[in-house]
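Below you'll find the structure, written out as structure tokens, and then a few comments.
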Amino acid sequence: MSIWYKYRKLFLSTFELSACTFGGGFVIIPLMRKKFVEELGWIEEEEMLDLTAIAQASPGAIAVNASIMLGYHIAGIPGAILAVLGTVLPPLIIISIISMFYQAFRNNVIVSMAMRGMLCGVAAVICDVVKKTTATNYNNVGFIYSCTLLIYKYHYSYFCLWLYWNIRYMD
């Protein structure tokens, strides 16, 4: 396999994953695992878990950190640069386009409902990630504990927003 083929495939794979992913780093990690572990076979499952752990522990966006680690592991420094460009460019392009039409999107009911639907999908994907990660490394108690923490986090966030809204806007 040519090094140029590997560079091109790495860039296009990360670009495609980033362009078609909604919900952040916890959503893109299982897709990276599927692409680079299962489909391309460039890394092993344990290596992907290690790269994910390092990406989560590092400061910054998880998706960017994971792409840097993955690209460096696969193709060295040029691979890290190409992978991070492939990960960062789609959101940059999409946000640039949306910002030009922000006023039209801001109060659109259909866009608002679509975003709420995507939020439910993101929650389901995050639960799936927790399940798959704990299934390979821990027993069912770890899965139950992880799901409990996830549910608590979201309920606590909504409670804080509700409390802020009621304190701020109550007469």
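The values are calculated or read from the model by the stated rules, or taken from the named source; none is laboratory data. Since this is a predicted model, take the numbers as computed values, not measurements. Don't worry about glycine lacking a Cβ; one is built from the backbone with ideal geometry, like all the others, and counts go over all protein chains shown.
Points worth noting:
- Residue check, A63 within 24 Å of D128 (Cα to Cα) and touching a residue at least 24 places away in the same chain (Cβ under 8 Å): yes
- Residue in region 9-17 that is within 19 Å of L92 (Cβ to Cβ) and out of contact with any helix residue (DSSP H, G or I) (no Cβ under 6 Å at 6 or more places or on another chain) present: yes
- One residue stands out among those in region 16-52 that are assigned to a loop (DSSP other than H, G, I, E, B) and closer than 30 Å to A114 by Cβ: the one that is farthest from the chain's Cα centre (by Cα), which is C20.
- Scanning region 122-144 for residues that are among the acidic types (D, E), more than 21 Å from M48 (Cβ to Cβ) and at pLDDT below 75 turns up nothing.
- Residue match in region 75-86 (condition: over 22 Å from C20 (Cα atoms) and of a type in the set (A, V, I, L, M)): yes
- Residue within region 88-98 that is buried (at least 17 other Cβ atoms within 10 Å of the Cβ), in a helix (DSSP H, G or I) and touching a Phe, Trp or Tyr at 6+ places or on another chain (Cβ under 9 Å) present: yes
- Residue that is surrounded by the most Cβ atoms within 10 Å (Cβ to Cβ), among those in region 20-74 that are closer than 19 Å to V125 by Cα and β-branched (V, I, T): I29
- Filtered by the rule that a residue be over 22 Å from the mean Cα position of the chain (by Cα) and either exposed (fewer than 10 other Cβ atoms within 10 Å of the Cβ) or part of a helix (DSSP H, G or I) (or both), region 102-118 gives Y102, Q103, A104, F105, R106, N107, V109, I110.
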